[in-house]
Amino acid sequence: MKPCSSITDVSANHVEDGNHDLSATNPPGLLDTLFRTDAVREIFSDYGRLQGMLDFEAALARATARAGVIPGPAASQIESQCRAELFDMEALSRGAAAAGNPAIPMVKALTAQVERKDHDAARFVHWGATSQDAMDTGLVLQLRNVLELIDAGEANLSDALATLAGKYKGTPVAGRTWMQQATPVTFGLKAAGWLSAIERHRQRLKELRARTLVLQFGGAVGTLATLGKHGLDVASTLAEELKLSLPDIPWHAHRDRLAEVATTLGLLVGSLGKIARDISLAMQTEIGEASEPAAPGRGGSSTLPHKRNPVSSAVVLAAAARVPALVSVMLAAMVQEQERGLGNWHAEWETLPEICMLAAGALGHTSQVMEGLEIDAGRMRENLEATRGLIMSEAVSSALAAKLGRQAAHELVEAACRRAVEQGKSLREVLEQDTKLAAHLSTAELDRLFDPENYLGVSEQLVERVLAARTGRKK
């Protein structure tokens, strides 16, 4: 299968000759374009799964011919029939129900098609392999395309977040803990936190690709006995044909590689969910500090004309709610019996593609939001004033601690905060009226202490550290 360059590339799953448009045979469902991207949906379509197995069979024929195990002309005949559009998908589906997996009826159908062209060549279809070899390697080929798309999507999101972090590294906004205003931060610092997480996911993805994109080829029990002395030569050549790494041993019942894909994407979706939660909270009417990009028909309500809903955040949060349970299936499926698993292998077939599709969909939505995120710095400033100075209480307490001690200063300021709330006054007004505190804080000091821009700590330096680390990794 050909590599894909973009997470929205709808041509990602065309077969080898490039003439068969799979989108015509795999129309999107009602919810597909909401939760999934066209490119990844096509990769994991029935035709995509079938073509992955057929790509394995074609490469196997070439590899066994190169090793002198089967005649060269037979390999050419087999390869000519390894095109998904030549197969009856409904017949394969019925065959899979009877056989227990789709590779068995696929091999039978491929053999029959080759036999119609060349009786002798048909004898060499699927030579030395087992059905799990075709299915697992076909899946790895699908994953290679998907992981390329995920990688490109993470890079796009990283770029968008880096832009936000740099642009707003000095823009004050209320920092919130336990859903309450705490002390000021900058919006750039928030974006840098998101960016740092995405950069870690990019590193994880890079590492897992080296471990995951490997050939599965072992025959019935992993010994390649059918190929005799040619077993390792054919395996090496087959890996070369498919541009996959050759593992040290077949991995039929060892599923850590696929579980790693699932868990890594689960971690990614969790971070995307955190971003979506932050954005959806920022879009609340009472906060209004940031908004998803506006567009005709986007985020509207069927009954409330004024609504502008965080639709992309909703999709990402839905993925974040669904993916962890799917990841748990992949982890549970690792426990497989002896040389070939029963049932748990089958549990992977729909689970891992669903994780991939939801992750890609969530990533696409997040990138779209970050690239067009609307920031209201004025509203951020208004919200900093919403507590009438209470958000600066730690700054005041810290200044007094140098004179009165930390605990005494904390108790005095805490009491002043309570009076401010009870009396409906600003914290500064209460402090100026408190003779115990007024003696220690001049007007100039209060001006400085109640300016949020003077209590941002090392926010800008932290943003710069994240941006510099990202730039260093790109070199």
Task: Leading residue by the ranking (most open to solvent (accessible area, probe 1.4 Å)) among those in the range 322-368 that are in a loop (DSSP other than H, G, I, E, B) and touching a residue at least 24 places away in the same chain (Cβ under 8 Å) - done: Q338
Task: Residues (crowded, with 19+ Cβ neighbours inside 10 Å and of a type outside the set (V, I, T)) located in the range 419-440 - done: A420, L427, R428, L431, L437
TODO: Identify, from the list F56, F44, the residue that is open to solvent by less than 10 Å² (accessible area, probe 1.4 Å) and among the aromatic types (F, W, Y).
DONE: F56
Open item on the list: Restricting to the range 215-255, and then to whatever is among the acidic types (D, E) and open to solvent by 50 Å² or more (accessible area, probe 1.4 Å), can you tell me which residue is nearest to M334 (Cα to Cα)?
Closed with: D248
Open item on the list: Any residue at all in the range 207-214 that's open to solvent by 70 Å² or more (accessible area, probe 1.4 Å), basic (K, R) and free of Cβ contacts under 8 Å to residues at least 24 places away in the same chain?
Closed with: no
TODO: Report, ordered by the first and then the second residue, all pairs with beta carbons closer than 8 Å, sequence separation of six or more or different chains, a first member in the range 162-177 that is in contact (Cβ under 8 Å) with a residue 12 or more places away in the chain and of a type outside the set (G, A, S), and a second member that is assigned to a loop (DSSP other than H, G, I, E, B) and surrounded by 16 or more Cβ atoms within 10 Å (Cβ to Cβ).
DONE: L164/L373; P172/L456; V173/E289
Task: Test result for A416, more than 30 Å from Q284 (Cβ to Cβ) and open to solvent by less than 90 Å² (accessible area, probe 1.4 Å) - done: no
TODO: Pairs only if they're at least six apart or on different chains, beta carbon under 6 angstrom, first in the range 45-65 and among the aromatic types (F, W, Y), second surrounded by 24 or more Cβ atoms within 10 Å (Cβ to Cβ); list them, first residue then second.
DONE: Y47/A84; F56/A134; F56/T137; F56/G138
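Residue-by-condition table, conditions (1) modelled with pLDDT of 95 or more; (2) of a type in the set (A, V, I, L, M); (3) under 19 Å from F187 (Cβ atoms); (4) within 33 Å of the chain's Cα centre (by Cα):
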site: R406; (1), (2), (3), (4): no, no, no, no
site: A409; (1), (2), (3), (4): no, yes, no, no
site: L441; (1), (2), (3), (4): no, yes, no, no
site: V458; (1), (2), (3), (4): yes, yes, yes, yes
site: E464; (1), (2), (3), (4): yes, no, yes, yes
site: R473; (1), (2), (3), (4): no, no, no, yes
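Rundown of residues vs (1) open to solvent by 10 Å² or more (accessible area, probe 1.4 Å); (2) of a type in the set (V, I, T); (3) in a loop (DSSP other than H, G, I, E, B), yes/no style:
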| site | (1), (2), (3) |
| --- | --- |
| R116 | yes, no, no |
| W127 | yes, no, yes |
| M135 | yes, no, no |
| L141 | no, no, no |
| R144 | yes, no, no |
| L147 | no, no, no |
| A155 | yes, no, no |
| S158 | no, no, no |
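The values are calculated or read from the model by the stated rules, or taken from the named source; none is laboratory data. These numbers come from a predicted model, not from an experiment. As a convention, Cβ positions derive from the backbone with ideal geometry for all residues, glycine included, and neighbour counts pool all protein chains shown. Accessible surface areas use protein heavy atoms only, side chains included; no ligands, DNA or RNA. Shrake-Rupley method; radii C 1.70, N 1.55, O 1.52, S 1.80 Å.
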